[in-house]
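Since the structure comes first, as structure tokens, the remarks are kept for the end.
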């Protein structure tokens, strides 16, 4: 330990890079702990080195010693991108006995994408551990293949709640002897309606085990799980609760709801080198936006729950290699994405749960990079912006949506910069240069530049000719968070805004029948012969339930459930005009390229 300075009296304030210590009045500064100092065995240290990890993250420094040195339960609160998988994955692998062919570690995650990513990471951690096997189990994949893998003897199982519970009920997955239970993204599992599945799974696990709960937030449901299934749990928290990444700027544009898509296009066009994700609320919305942007020549694709795993992998490969510049995704589909160098996150609309915004914005500004989170908001959402400012601890910058002329100027200068930076292959070009010079000899310098710009630039000039101003003022003329007249501004539970609507229905089954949101959506999708409508609010009561579905399904929904039974009860669906908990009736309103070098987002047609 190097001696830095000595003094009989010191007040030492450690910074983020140094661990300051005092020994008999002598100050010593030491770099952050190494993985070896955390207590990891040699096999894991070698795996970590192969992965290129040099210094453990803060959550890893705090969680790994606790997990290794005790059987104490742990609640760890940390945002996306802080190294949570390594924090529970590395010590969990170390505690496994490879000689035993029973399931010793069970990791539950909300989505198949995240389960696959965790399984991939754990396999990397265990690369040097002989005899250790891990298996991922999740819906949307062949269950027979997963059962075969379990039968071969796996010590670590990573799964989604639905498929895990299914395998437990089939007696193909035995969790009665697990020693470690990990609940990753536990808050998201509750948001997706997996409370009942989690309860059923956890009841099958032994009382004597170490439970590790990792979450970005601590809603009441998580607190209840911790109280019910954990004993004397230690809590650690990395960063401020619900706070956003420190190196992310938050911008917003205020427009009328009908202008939201046009504002999105201008947002993309004013950032020629953008590489980011456009977040939407629904699968249908991702499809519509992706189709429109693709038609207009942008390098974009979508990511939602309708994609098969093979389709998802293909899209993600294209996105990681920057063949795609933009990804249009739902929040659920984006779980488990592992991309560090995004320049922007665009919120096509604000999420219903404002805490989800923290997850979205945390997709950019990773690995020491800076990033920008952009929100396109309508005129009644100013109080929601204020709530977000309080949540992330940062001021949101209100930006003016540029005019068409301003965007054309941005794109022209970007094109000129690209031309100037293009490397000239003198040797190959020399043989063609005389003919080119002869062909262009009758053009003056200024005329040549005009023609050159027009070849690549006419599409922008044509598109933005006579374009209008999209900027709008907050309702009541207040742009600075004053009290406005919109019902859904601020923290209202209203789910969507002005661009569409949901139809509301009553169904005669409820909680006592074993119904939860996931099972309700599965039941209706199945009766609709595989159609997957977008769902709005789902309200599960004890003996009945209410749910919202996009328009156009009324006749098919009512007819399709006739003769259908759920847990022995005949199912009936009928339209509902009333929303308990709200005055009045009715459904909720709904809110409404370049290839290759340079990453310019619109191709020349």
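The values are calculated or read from the model by the stated rules, or taken from the named source; none is laboratory data. Quick caveat, the model's predicted, so the values are computed rather than measured. Cβ: placed from backbone, ideal geometry, glycine included. Neighbour counts: every protein chain shown.
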**OP:** Find the strands (runs of 3 or more DSSP E) located wholly in segment 246-318 whose residues include 1 or more that are over 18 Å from the mean Cα position of the chain (by Cα), and list them.
**Re:** 248-254
Subject >> Which numbered condition residue 506 misses (of (1) closer than 27 Å to residue 348 by Cβ; (2) part of a strand (DSSP E or B); (3) modelled with pLDDT of 85 or more) >> reply: (1)
**OP:** Give just the number: which of (1) closer than 21 Å to residue 402 by Cα; (2) modelled with pLDDT of 90 or more; (3) out of contact with any helix residue (DSSP H, G or I) (no Cβ under 7 Å at 6 or more places or on another chain) does residue 322 not satisfy?
**Re:** (1)
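Results for (1) out of contact with any helix residue (DSSP H, G or I) (no Cβ under 6 Å at 6 or more places or on another chain); (2) in a helix (DSSP H, G or I), shown as yes or no for each residue.
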| position | (1), (2) |
| --- | --- |
| 63 | no, yes |
| 76 | no, no |
| 88 | yes, yes |
| 102 | yes, no |
| 129 | no, no |
| 132 | yes, no |
| 135 | no, no |
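Name every residue in segment 151-163 that is touching a helix residue (DSSP H, G or I) at 6+ places or on another chain (Cβ under 7 Å) and either at pLDDT 95 or above or not in a helix (DSSP H, G or I) (or both), in order of residue number. Walk me through it before giving the result.
Quick first cut of segment 151-163, residues touching a helix residue (DSSP H, G or I) at 6+ places or on another chain (Cβ under 7 Å) only: 156, 158-162.
Once the filter is applied, which keeps residues that are touching a helix residue (DSSP H, G or I) at 6+ places or on another chain (Cβ under 7 Å) and either at pLDDT 95 or above or not in a helix (DSSP H, G or I) (or both), segment 151-163 yields 156, 158, 159, 160.
Which one of these is surrounded by 20 or more Cβ atoms within 10 Å (Cβ to Cβ) and outside the structural domain of residue 286 (by TED's automatic domain parsing): 411, 384, 363? Full working, then the answer.
Values: 384 fails: outside the structural domain of residue 286 (by TED's automatic domain parsing); 363 fails: outside the structural domain of residue 286 (by TED's automatic domain parsing).
Answer to the check: 411.
Could you identify the single residue in 181, 150 that is surrounded by 20 or more Cβ atoms within 10 Å (Cβ to Cβ) and closer than 18 Å to residue 104 by Cβ?
Working: 150 fails: surrounded by 20 or more Cβ atoms within 10 Å (Cβ to Cβ).
Selected residue: 181, the only one of 181, 150 that is surrounded by 20 or more Cβ atoms within 10 Å (Cβ to Cβ) and closer than 18 Å to residue 104 by Cβ.
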**OP:** Any chance you could count how many residues in segment 531-552 are closer than 20 Å to residue 305 by Cβ and either in contact with a helix residue (DSSP H, G or I) (Cβ under 8 Å, 6 or more places away or on another chain) or modelled with pLDDT of 85 or more (or both)?
**Re:** 10
Subject >> Number of the exception - residue 92 against (1) part of a loop (DSSP other than H, G, I, E, B); (2) out of contact with any helix residue (DSSP H, G or I) (no Cβ under 6 Å at 6 or more places or on another chain) >> reply: (1)
Original post:
residue 124 passes all but one of (1) touching a helix residue (DSSP H, G or I) at 6+ places or on another chain (Cβ under 7 Å); (2) part of a helix (DSSP H, G or I); (3) within 22 Å of residue 215 (Cβ to Cβ); which number fails?
Top reply: (3)
